[in-house]
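The values are calculated or read from the model by the stated rules, or taken from the named source; none is laboratory data. Every value quoted in this text rests on a predicted model; they were computed, and no experiment measured them. For neighbour counting, all protein chains shown are included, and Cβ atoms are generated from backbone atoms with ideal geometry for every residue, glycine included. Heavy atoms of the whole protein, side chains included, go into the accessibility calculation; ligands, DNA and RNA do not. Shrake-Rupley method; radii C 1.70, N 1.55, O 1.52, S 1.80 Å.
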Amino acid sequence: MSESTAAPLPPGLAAVAAEFADTPRELRLELLLEYADRLKPLPEPYASREDLMERVEECQSPLFAVAEIQDNVVSIHATAPQESPTTRAFASIMQLGLSGLTPAEVLAVPASAPLQLGLTELVSPLRMRGATGLLARIQRQVRAATIA
Amino acid sequence: MSKVPFDPTPKFQEYATPGALVSTEWLAAHLNTPGLVVVESDEDTLLYETGHIPGSVKVDWHTDLNDPVSRDYVGPEGFAALMSRKGISRDTTVVFYGDKSNWWAAYALWVFRLFGHEDVRLLDGGRQKWEAEGREMTKEVPTRAATTYPVSPRNDRELRAYREQVLEHVNAKGCMVDVRSPQEFSGELTHMPDYPQEGTLRGGHIPGAKSVPWKRAANDDGTFKGVADLRAIYEGEKGLAADDDVIAYCRIGERSSHTWFVLTYLLGFKNVRNYDGSWSEWGNAVRLPIAVGAE
């Protein structure tokens with residue numbers, strides 16, 4: 001288990017946290033919904049091959065994610081049902097916050113990063129567990145790929 | 001009693017409390033009925049914002065119904081304030097609906113009953129059926145005039161079981177229904193190295209509980225099964241009877257609210273309590289008895 005405050009958030013996630021902090025409480029859910037709508041459609045081969053991705057079991061909704069590494073740059077692809085907008089929003093935030101980083105930078109993201117986004121008041125601990133599970137699985141994939 | 005008429009759908013008349021359900025057709029025709037408020041309650045807290053039944057208000061199980069600090073529900077003042085904000089009066093007919101086959105809708109309904117709110121009904125089939133039928137949805141949030149809702153005591157005694165009471169129930173060999181999936185019931189673990197750990201330290205079930213996954217009470221479209229099917233499951237197969245003292249539980253009490261609703265309103269069981277601490281409390285507690293395996 002990591003020290004939650006030891007490492008700073010990468011710039012993308014720090015920007016998300018700052019945006020939520022600057023948004024009045026009553027508008028934060030709308031902002032979260034905007035993130036949900038920004039989740040990118042899956043590219044091939046994942047669009048037709050869900051089995052090439054990893055299911056995030058900690059999430060109560062079917063959430064699948066994969067971390068691709070090309071030329072030392074990580075790309076995150078993820079999908080969740082339309083009827084699970086909160087899950088889509090977390091996936092979208094991780095996609096925006098982690099894509100473009102190097103594997104080392106992704107691995108340096110603190111495990112508690114989802115809890116530092118200022119969303120814990122809006123959503124339940126169970127919902128946050130899905131988000132931390134998503135990050136952990138992405139990091140595990142990146143670790144496995146960089147060791148191999 | 002309520003001035004809002006009951007839904008005369010024939011299927012509902014077979015249930016112990018026919019007025020506890022409304023159909024999508026009935027609701028669509030009664031949306032603007034004075035004295036009726038539609039409440040959406042979902043697992044996914046953003047779903048209401050993506051679109052909801054016109055005129056409905058949102059009640060979130062976590063941010064509205066739970067105490068922000070202690071693991072408990074809001075108190076009488078908090079509930080009265082919530083009702084006031086949502087424009088609900090003590091005599092309002094409240095129709096609940098939500099995602100996931102109405103788990104959270106049933107959960108919210110159960111919490112309303114803890115405070116003695118009288119006229120509560122569930123939309124048969126929930127959000128899933130309303131959407132599947134292509135019925136109107138809107139993103140417009142209604143502005144309802146604030147009401148004066150009386151501060152009403154929360155009567156946990158009849159409808160809610162605490163851990164200590166469940167333990168007494170175990171020792172007295174009382175009836176219990178575990179509504180989780182068979183894998184959760186048996187205590188199988190699915191963790192792998194390096195994966196985040198589940199939130200409970202032990203798997204399995206409360207000794208003596210019978211496994212009846214909540215889903216057995218529902219059809220694929222999210223509606224409830226007919227009374228004959230329900231009786232065959234809970235009474236025929238599991239041997240429960242309407243005057244038994246029954247405790248239902250799941251992981252945090254939402255799926256078991258669904259079963260609590262079935263036993264109480266559809267089958268007419270008189271003494272059903274929901275153990276909302278459920279497995280997330282029992283499976284973490286020290287020295288409580290646990291059984292593993294399919295039986």
### Query
What ranking do B:66-75, B:252-261 get when scored by the average of other Cβ atoms within 10 Å per residue, highest first?
B:252-261, B:66-75
### Query
Taking only the alpha-carbon atoms of chain A, what semi-axes of the equivalent ellipsoid follow from 5 times the gyration tensor eigenvalues under a square root, in whole Å, largest first?
22, 19, 14
### Summary
the stretch B:93-117 and the stretch B:261-295 have their Cα centres apart by a whole-number Å value of 18 Å
#### Entry: Student exercise, the stretch A:1-70 dipole from Lys, Arg, Asp, Glu Cβ charges, in Debye to nearest 20
80 debye
### Task
Please find the FRET efficiency linking B:Glu77 to B:Lys270, where r is the Cβ-Cβ separation and R0 is fixed at 35 Å, and quote it to the nearest 0.05.
0.70
### Message
Given N residues in the stretch B:231-295, what is its alpha carbon radius of gyration divided by 2.2 N^0.38 Å?
### Response
1.20
### Label point 7 Å beyond Cα of B:Ala16 along Cβ direction - residues of the stretch B:138-167 with amide nitrogen under 14 Å
B:159
### Summary
Most fluctuating of A:Ala91, A:Ala131, A:Ala17 in the GNM of chain A (C-alpha, under 10 Å) is A:Ala17
### Task
Have a look at B:Met83, A:Val123, A:Tyr46 and report the one farthest towards the positive end of the charge dipole of the protein assembly as shown, computed about the Cα centre with Cβ charges (Lys/Arg +1, Asp/Glu -1).
B:Met83
### Task
Quick one: what are the phi-derived ³J(HN,Hα) couplings along the stretch A:99-110, Karplus 6.51/-1.76/1.60 with θ = phi - 60°, whole Hz, x for glycine and proline?
5, x, 7, 7, x, 5, 5, 5, 5, 7, 5, x
### Task
Compute the acute angle (0 to 90°) between the alpha-carbon long axis of helix B:103-114 and the principal axis of greatest extent of the alpha-carbon atoms of chain B; round to the nearest 10°.
80 degrees
### Message
Could you work out how much longer the chain between B:Arg135 and B:Asp221 gets when fully extended? Use 0.36 nm per residue separation minus the Cα distance between them, nm to one decimal.
### Response
29.5 nm
### Message
If the only charges are +1 at each Lys and Arg Cβ and -1 at each Asp and Glu Cβ, what is the size of the charge dipole of the stretch A:39-146 around the Cα centre, to the nearest 20 debye?
### Response
180 debye
### Query
Between A:Ala18 and B:Val286, what is the spin-label point distance in nm, taking each point 7 Å from the Cα along the Cα→C-beta axis?
4.6 nm
## Note on the structure
Largest fluctuation, A:Leu126, A:Leu96, A:Leu135 only, Gaussian network model of chain A with Cα springs under 10 angstrom, belongs to A:Leu126
### Binned Cα-Cα distances of the protein assembly as shown, short to long, each 20 Å bin given as a whole percent
24, 55, 21, 0
### Task
Figure the gain on full extension for A:Ser75 and A:Arg55 (residue separation times 0.36 nm, minus the Cα-Cα span) and round it to one decimal in nm.
5.5 nm
### Summary
Toy charge model, Lys and Arg Cβ at +1, Asp and Glu Cβ at -1: the stretch B:44-151 dipole around Cα centroid in debye, rounded to 20, equals 80 debye
### Message
Averaged over its residues, how many other protein chain Cβ atoms are within 10 Å of peptide B:47-53's Cβ atoms?
### Response
3
### Task
For the stretch A:105-148, state which residues have at least 50 Å² less accessible area in the presence of all protein chains than in their chain by itself, taking the probe as 1.4 Å and leaving out ligands, DNA and RNA.
A:Leu126, A:Arg127, A:Arg129, A:Arg140
### Inter-label distance for A:Ala47 and B:Asp91, nm, one decimal - labels placed 7 Å from Cα along Cα-to-Cβ
5.8 nm
## Note on the structure
Expressed to one decimal in nm², the mean projection of the alpha carbon convex hull of the stretch B:1-134 is 8.1 nm²
### Task
Among B:Pro18, B:Pro142, B:Pro54, determine the one that fluctuates most according to a GNM of chain B built with springs between C-alpha atoms less than 10 Å apart.
B:Pro142
### Message
Using a Förster radius of 60 Å, what is the FRET efficiency between B:Val69 and B:Ala28 based on their Cβ-Cβ separation? Nearest 0.05, please.
### Response
0.90
### Query
Per-residue HN-Hα couplings for the stretch B:204-214, Karplus 6.51 cos²θ - 1.76 cosθ + 1.60 at θ = phi - 60°, whole Hz, x for Gly and Pro?
x, 9, 6, x, x, 6, 9, 8, 9, x, 3
### Task
Can you find, among B:Thr143, B:Gly187, B:Ala241, the residue farthest towards the positive end of the dipole of the stretch B:121-255? Put +1 on the C-beta of Lys and Arg, -1 on that of Asp and Glu.
B:Thr143
### Cα pair distances in the stretch B:104-219, grouped into 5 Å bins until the bin that holds the longest one, percent each
2, 7, 10, 13, 17, 15, 13, 10, 8, 4, 1
## Note on the structure
Farthest towards the positive end of the dipole of the stretch B:1-113, among B:His52, B:Thr24, B:Val94 and with Cβ unit charges of +1 on Lys and Arg and -1 on Asp and Glu, lies the Cα of B:Val94
### Query
What order do you get for A:9-15, B:109-115, B:203-209 when each peptide is scored by the mean count of other beta carbon atoms within 10 Å, highest first?
B:109-115, B:203-209, A:9-15
### Query
Based on the Cα gyration tensor of chain B, what are the three equivalent ellipsoid semi-axes, each the root of five times an eigenvalue, rounded to whole Å and given largest first?
31, 21, 19
